[in-house]
1. Filter region 1-15 down to the residues that are assigned to a helix (DSSP H, G or I), small (Gly, Ala, Ser) and out of contact with any Ser or Thr (no Cβ under 9 Å at 6 or more places or on another chain) and list them by number.
2. Give region 61-81 a look and list any residue that's farther than 30 Å from residue 23 by Cβ and either crowded, with 16+ Cβ neighbours inside 10 Å or among the hydrophobic types (A, V, I, L, M, F, W, C) (or both), or say none.
3. Name the one entry in 1, 101 that is open to solvent by 80 Å² or more (accessible area, probe 1.4 Å) and modelled with pLDDT under 95.
4. Pairs under 6 Å by beta carbon, first residue under 15 Å from residue 38 (Cβ atoms) and free of Cβ contacts under 8 Å to residues at least 40 places away in the same chain in region 1-21, partner part of a helix (DSSP H, G or I) and polar (S, T, N, Q), six or more apart or different chains?
5. For region 48-56, check the following and say yes or no: at least one residue is out of contact with any strand residue (DSSP E or B) (no Cβ under 6 Å at 6 or more places or on another chain) and surrounded by fewer than 12 Cβ atoms within 10 Å (Cβ to Cβ).
6. Kindly indicate whether any position in region 79-92 is more than 14 Å from the chain's Cα centre (by Cα) and either among the hydroxyl-bearing types (Ser, Thr, Tyr) or not in a loop (DSSP other than H, G, I, E, B) (or both).
7. Within region 26-50, can you find the residues that are polar (S, T, N, Q) and part of a loop (DSSP other than H, G, I, E, B)?
Amino acid sequence: SIYLDFIFIFLYAWAISLGAKVSAAFSANQNLVTAGGFFSRVIWFASSCDIVENVAMLMTLSELNELTVSMAFYFAIFKFSIVVLALLLIFISLGVGLFKSIIKD
């Protein structure tokens with residue numbers, strides 16, 4: 001299943017990158033637009049962390065050692081931190097955009 005994850009890395013990074021840009025633009029809030037642009041680029045760093053994590057896990061399956069387990073752990077922390085913050089930005093941006101559109105109508 002780790003090999004299949006390599007396919008999904010590109011897909012989730014692309015989806016979150018696009019979601020960050022589009023939802024931030026929908027919010028029409030300059031701070032969120034700036035953050036959306038930032039996270040649309042940083043999510044690709046998270047996907048790179050995911051690749052390193054997967055390679056470390058595959059190496060761990062061949063030979064269990066502390067270095068590969070630690071690499072997988074710390075790169076997963078970086079990845080999930082970025083992903084969670086990017087998703088939080090998307091949800092906040094959508095909420096702000098919806099609130100503005102309701103108030104405007």
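The values are calculated or read from the model by the stated rules, or taken from the named source; none is laboratory data. Every value quoted in this text rests on a predicted model; they were computed, and no experiment measured them. Counting neighbours? That spans all protein chains shown, and the Cβs are built from the backbone with ideal geometry, glycine included. For accessibility, only protein heavy atoms count, side chains too; no ligands or nucleic acids. Shrake-Rupley method; radii C 1.70, N 1.55, O 1.52, S 1.80 Å.
1. 15
2. Let us first name the residues in region 61-81 that are farther than 30 Å from residue 23 by Cβ, namely 61-73.
61, 64, 67, 68, 69, 71, 72, 73, listed by residue number.
3. Details: 101 fails: open to solvent by 80 Å² or more (accessible area, probe 1.4 Å).
One residue alone meets the criteria, 1.
4. 13/47; 17/40; 21/40
5. No: region 48-56 contains no residue that is out of contact with any strand residue (DSSP E or B) (no Cβ under 6 Å at 6 or more places or on another chain) and surrounded by fewer than 12 Cβ atoms within 10 Å (Cβ to Cβ).
6. yes
7. Listed by number, the list holds a single entry, 29.
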